[in-house]
Amino acid sequence: MKRVLLTGLSGTGKSTVVAALVANGHRAVDLDSEAYSHWVDASAWAGAPGTPVEPDRDWVWREDRVRDLLAENRGEVLIVSGCAPNMTVFLSRFDRIVLLSAPVDVLVERLGSRTGDGYGTRPDQVKRVVGLVETVEPLLRRMAGHEIDTSRSLEDVVATVVEISRT
């Protein structure tokens, strides 16, 4: 089974792309969900770039659940999305790593249009994401074999992800 990781900062469209992939019949999972991620004491990730999400806690992948998901062998492509300080544990398990990125103004606009109390709705969170463009995004870019600018149409982004997952 081929495994593809879509990673990127908040506002780059990871969840939106996964939802579109699922709607088009692809096997895709958003790891930035409670099923695959959870809050931990931030001291566990002291010194990691871009962390913590909040002063006393950080949002990380549930390693046991992600390990189980990646161990499944259904003979098809599995596309997962997410970005967490402990994702490096799993990088060798992916056949392709794709960075989803967008210009800062697009990220700010997308975060500003979010409703509810999801991450990125508060000004301090938006400021953090803008800072991560300089500190974390270059690290993600180095680990990725592909980069997609998600300021393009969703259809173009999804088509590019599908194409990359087939190579």
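Derivation of every value follows stated rules applied to the coordinates shown; laboratory data play no part. These numbers come from a predicted model, not from an experiment. A quick note on method: Cβ atoms are made from the backbone with ideal geometry, for glycine too, and the neighbour counts reach across all protein chains shown.
Take every Cα pair under 8 Å whose residues are at least 6 apart in sequence, average their separation, divide by the length of segment 3-166, and the relative contact order is 33 percent.
Charge dipole (Cα centre; +1 on Lys/Arg Cβ, -1 on Asp/Glu Cβ; no other charges) of the chain amounts to roughly 360 debye. For Cα extents along the principal axes in Å, computed directly from the structure shown, the correct entry in (1) 103, 58, 25; (2) 50, 36, 25; (3) 42, 35, 30 is (3).
Approximating the spin labels as points 7 Å out from Cα along Cα→Cβ, the SER151-to-MET1 distance works out to 3.6 nm.
Annotation: the antiparallel percentage among DSSP beta bridges lying fully within the chain is about 30. Each part reduced to its alpha carbon centroid, segment 121-135 and segment 36-72 end up 18 Å apart.
Taking amide H as placed 1.01 Å from N in the peptide plane, LEU78 has its amide H under 5 Å from the amide H of LYS2, ARG3, VAL4, each at least 5 places away in sequence or on another chain.
Taking each DSSP H run with n ≥ 4 as -39500 (n - 2.57) and averaging over every residue of the chain yields -11000 deg cm²/dmol at 222 nm. Phi angles across segment 89-98 convert, under the Karplus curve 6.51 cos²θ - 1.76 cosθ + 1.60 with θ = phi - 60°, into 3J(HN,Hα) values of 4, 9, 4, 5, 7, 9, 7, 9, 10, 10 Hz, Gly and Pro given as x. Taking a span of 15 Å or more along the helix axis (Cα atoms) and a mean Kyte-Doolittle hydropathy of at least 0.0 as the rule, the DSSP H helices of the chain that qualify are 154-166.
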